[in-house]
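Novice: Sending over a structure as structure tokens; questions will come in a sec.
Read-outs throughout are calculated quantities, based only on the coordinates presented, and are distinct from any laboratory measurement. Just so it is clear, the model here is predicted, and its values are computed rather than measured. Heads up, the Cβs are rebuilt from the backbone with ideal geometry, glycines too, and the neighbour counts pull from every protein chain shown.
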Amino acid sequence: MPISIGLAAVILGAVALVAVFPGLAPHNPGTIDSTSSLAGPSGSHLLGTDQLGRDVFSRVIAGARTAVLGPLILTIATTTIATVLALVAGYFKGWADVVISRAVDVVYSVPATVVAIVIVGVTGGGWWLALSVLTVFSLPVNVRFLRAAVLSRAELPYIEAARTSGLSEWRIVLRHLLPAISPFVVTAFFLRFTYGIVDLSSLSFLGLGVPPGSSDWGRMIAENRSLLAINAWTTIAPALALVAVAVSTNTIGDWLHARWDLKDKTK
Amino acid sequence: MRAEATIPTVSSTAALAVRDLTVRARKAGDLVEIVDGVAFEVMPGEAVAIVGESGSGKSVSVRAALGLLPGELTVAGELEVAGRQIGTPGRRGTQPLHGAEIGFVMQDPFTMLNPSLTCGQILTARLRDQRGAKKGRGYRQRAIEWLAEVGIADAHVVDQYPFELSGGMRQRVAIAAALSGQPRVLVADEPTTALDVTSQAQILDLLDGLRRSRRLALVLVTHDLRVAASICDRVYVMYAGKVVEEMHGARLLNAAAHPYTAGLVAADPPLEQRLLRLPTIVGAVPSPGERPAGCRFAPRCEIAVDICREKEPPLIALGRDHRTRCHRAGEGLPGRPVPVSATPAAAAEGAVLVRTHEARRVYGHKVALAAASVEIRAGESVGIVGESGSGKSTLARMIVGLEHPTSGRVDVAGIDVHGASRREMETVRATVQMAFQDPSSTLNPFRAVGSTIAEAVALSGSDDIRGRTRELLDLVGLNATYAPRRPRQLSGGERQRIAIARALARNPRVMVCDEVVSALDVSVQAHILNLLNELRDKLGLAYVFITHDLAVARQVTDRLYVLRSGEIVETGTTDQVLSHPNHPYTRDLLASVPDPERTSTPTLAGPAEGESTCPR
């Protein structure tokens, strides 16, 4: 296992840990302490404090939850729906394929980020709306990718053999086809997660989706931009965290893809 | 103790000589030998075959000699070209030889030729390289001449792309490309395996003619003994990484001295008669790293004695140009019992289980199957033979319901498969089942084979799934320990047995076998054919046997339908069709089977030129 994968795994592990146990943060991220505002890094405040005296390090740790949770939900939703659509379109073909593929094409042709911003911004909706909109717009790429995977596997002799034996179509899909495309699904999952982090953080950077003052990384980057000269960590820390998680999941997704060499696994 | 027969000093005129070739690979941390101490040579104008089954190392040997192996494999040995010592064959040493001294033709003509270049460009690519000049008019003319030399008289082919040509044409172009550098040696690795039998005959003819006209040294790697015997002067037989016999090609089929070679020859199904049981070689080829000490063939050898298991035999001379790697060389092999001919089956009288009436399948303009009407009765074995594109697979798939005819009817047990209701389909499924061709993709790689069979058993409504699974495994000659294994842990022959067991799980009355032995080695094929005949006797099954190999059809079928381009051109009992064919196409097919007895191959009806599949 190359070092980069180990490193990625460590980073993701750490993030997952603090996402589940935010109490690990040294300070309460919400504690406002005007006396020590904008302090530099010190023993008690590893990365200094922000404008309101909140500990930057603790805020970054607290932000892990929203940074990870949102994309996780988004990715699970997207991957599940995309897999179902891909299986239906790729295996049953016919008009189902036509409808799904064309619908996907339409969504794909829309500039996703812009539209997401508009929808969330105009309706003033919160986090769940942001997630839903992004889910819809993430579907096209994944449906296409997984549909191609399904097409490449659906004609394999053992699937035809299952049909000849009289196995019902749904059972074939679940028991034979799904395992056959599972490497693709897992890869798509990891890669989708990367985009999910970036997408959601972009939205929150623009002030959409999360309330002001919350310890969301994207939000933090946006709010603390003005403080760069004073305490750069207020902006850089969340930004680094974001990059680290995104790169880690991308690296692992890439590695899985290469490892499984998703060409022809039947030999 | 016999001394190793001295390998004759390579005369300076040997076009290609390889000595002491050893190829090693890393397998789970250890260095294992794939090929061990192999030596062969070929004189100008001579044709030499390197024969073996999978795992013999024949392809690896040849590619090692040419420096075409991936870097992870280590190669040791001596290479000599036209008397010049090249040293250890490796990428650096042999690069300049490619094309100029040694031409290489591979198995799959489709992937060998660059699909984005026209044939003319492929052929003249070398010319451009050496001179550095861009293509000139003279080059196109040269390309046309070279194509003519390989039997393509139609000049338009120069401007066509490989995908527009048929398999046979592509292989000719590949040969022309390999010859464009005017090499002394042409190495062909299974050049005809992917081709139809008629194309195969033409390509072999071509290779034979070329080596005579150009004094080309030809090295042919093949698994097909008949091919080796019919056009090669000398043959090297390889087993488990070593050369076990060297002899004249003409004598290969009746004077083999090594037990393995003799076993292979005996296992090859004869075209002229149907045998009750094909002779087989027990056991399986050992993989690198698991080869036994002593003689590698000893565990499977009928005449092995103690010394065979202890000490590896050297190559022992048995007369001029005949060497065998056997401690008991010269003692003569025990006479094989004359194989018993099967009595011709009486015409089947059972109920008609499958009937197609003018079944037709078209894809756009392409007619895959044109108005086929066949009948299969209970208990009879019917063969459907033809070349690729004949529509035989389409017909088979229609019978099991994987495809539907565009017009006409396909009836199974009286039910029209196309419009069958759910219930009716259940009856269809319980009547016909299918075993597929490719052992590597016919089983779900993620599942244990036992569970694959059990799934099919469950559909048959059986109460005791486990018991029945065990029963089925037993029927196909595998014991219960196979059940938890994954397909990748099994050999090709074992996988096909599982595929057959799965097909039998629903107690069908008809089993459709779609080229089930085509991807198997000769010795494994013999096992499976015997198994199929056995099962038929035991279970009273009817077979629909799809194959392109007429000798195989002879062994398994009672009646035959011969298909050509979607049409049935001849039908009758197997004996009638194969021994007294009526239709010229059937005669062509039979004439194309390589027969070492014939001194000259007959000219065939199919045109060599203008065979392009692209309609103009």
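Novice: In straight Cα distance, which aspartates and glutamates are under 17 Å from B:LYS538, not counting same-chain residues fewer than 8 positions off?
Specialist: Output for B:LYS538: B:GLU380, B:GLU471, B:ASP474, B:ASP558.
Novice: Still on this structure: Kindly flag which residue pairs out of B:LYS27/B:LYS311; B:LYS242/B:LYS392; A:LYS93/B:LYS392; B:LYS27/B:LYS58 have an alpha-carbon separation exceeding 29 Å in this structure.
Specialist: Too far apart for the 29 Å limit: B:LYS242/B:LYS392.
Novice: Among DSSP beta bridges lying fully in the protein assembly as shown, give the percent that are antiparallel, nearest 5.
Specialist: 55 percent
Novice: List A:VAL104, A:VAL110 from most exposed to least, where exposure is judged by having the fewest other Cβ atoms within 10 Å.
Specialist: Ranked by crowding around the Cβ, least crowded first: A:VAL110, A:VAL104.
Novice: Can you tell me the orientation of helix A:233-260 relative to chain A, as the angle in degrees between its alpha-carbon axis and the longest Cα principal axis, to the nearest 10?
Specialist: Roughly 20 degrees, rounded to the nearest 10.
Novice: In addition: Whole-Hz ³J(HN,Hα) for each residue in the range B:302-308, computed from phi via Karplus 6.51 cos²θ - 1.76 cosθ + 1.60 with θ = phi - 60°, x for glycine and proline: what do you get?
Specialist: With the stated coefficients, the range B:302-308 comes to 6, 10, 5, 10, 3, 4, 5 Hz.
Novice: Considering the dipole of chain A built from charges on the beta carbon (Lys and Arg +1, Asp and Glu -1) around the Cα centre, which of A:ALA89, A:VAL136, A:GLY30 is farthest to its positive end?
Specialist: Highest projection toward the positive end goes to A:ALA89.
Novice: Given H placed on each backbone N at 1.01 Å, which residues far from B:LEU16 in sequence or on other chains put an amide H within less than 5 Å of it?
Specialist: B:VAL42, B:ALA82
Novice: From Cα pairs below 8 angstrom and at least 6 apart in sequence, can you work out the relative contact order of chain B, rounded to a whole percent?
Specialist: Relative contact order for chain B comes out at 14 percent.
Novice: Normalised radius of gyration for chain B, please: alpha carbon Rg relative to 2.2 N^0.38 Å, two decimal places.
Specialist: 1.01
Novice: Once amide H atoms are placed 1.01 Å from N in the peptide plane, what residues at a sequence separation of 5 or more from B:GLY241, or on another chain, have their amide H within under 5 Å of its amide H?
Specialist: HN-HN under 5 Å from B:GLY241: B:GLY57.
Novice: Using the Cα gyration tensor of the range B:450-552, with a ≥ b ≥ c the square roots of its eigenvalues, what is the shape: rounded (a/c below 1.5), prolate (a/b larger than b/c) or oblate (neither)?
Specialist: Cα axes put the range B:450-552 in the oblate bin.
Novice: Fewest first, what order do A:HIS27, B:HIS258 take by the number of other Cβ atoms within 10 Å?
Specialist: Taking fewest neighbouring Cβ atoms as first place, the list is A:HIS27, B:HIS258.
Novice: Go through B:ASN582, B:ALA351, B:ILE568 and say which Cα lies farthest out towards the positive end of the charge dipole of the protein assembly as shown; charges sit on Cβ, +1 for Lys and Arg, -1 for Asp and Glu.
Specialist: The Cα lying farthest towards the positive end belongs to B:ILE568.
Novice: If you put +1 on each Lys and Arg Cβ and -1 on each Asp and Glu Cβ, how big is the dipole of the range B:495-602 around its Cα centre, in Debye rounded to 20?
Specialist: 500 debye
Novice: Follow-up. Would you kindly derive the ³J(HN,Hα) couplings of the range B:425-436 from the backbone phi angles with the Karplus curve 6.51 cos²θ - 1.76 cosθ + 1.60 (θ = phi - 60°), listing them in order in whole Hz, with x for Gly and Pro?
Specialist: 4, 4, 5, 4, 4, 6, 9, 10, 9, 10, 10, 9
Novice: Shifting gears a bit: If you restrict to DSSP beta bridges whose two residues both lie in chain B, what percentage is antiparallel, to the nearest 5?
Specialist: 55 percent
Novice: Using the alpha-carbon atoms, what tilt in degrees (0 to 90, nearest 10) does helix B:197-214 show relative to the longest principal axis of chain B?
Specialist: Orientation of helix B:197-214: about 10 degrees from the principal axis.
Novice: Right, another one. Through the Karplus equation 6.51 cos²θ - 1.76 cosθ + 1.60, θ set to phi - 60°, convert the phi angles of the range B:457-470 into ³J(HN,Hα) values in whole Hz; use x for Gly and Pro.
Specialist: Along the range B:457-470, the couplings run 5, 4, 6, 7, x, 6, 7, 9, 5, 4, x, 5, 4, 4 Hz.
Novice: If you don't mind, another one. What residues have an amide H closer than 5 Å to that of B:ARG564, excluding those fewer than 5 places away on the same chain, when H is modeled at 1.01 Å from N in the peptide plane?
Specialist: Here the answer is B:VAL569, since their amide H atoms fall under 5 Å of that of B:ARG564.
Novice: Roughly how tilted is helix B:492-504, in degrees to the nearest 10 and between 0 and 90, from the longest Cα axis of chain B?
Specialist: Orientation of helix B:492-504: about 10 degrees from the principal axis.
Novice: Shifting gears a bit: For B:SER592, A:SER101, B:SER565, what ranking results if the residue with the fewest other Cβ atoms within 10 Å of its Cβ goes first?
Specialist: In order of increasing Cβ crowding within 10 Å: B:SER565, A:SER101, B:SER592.
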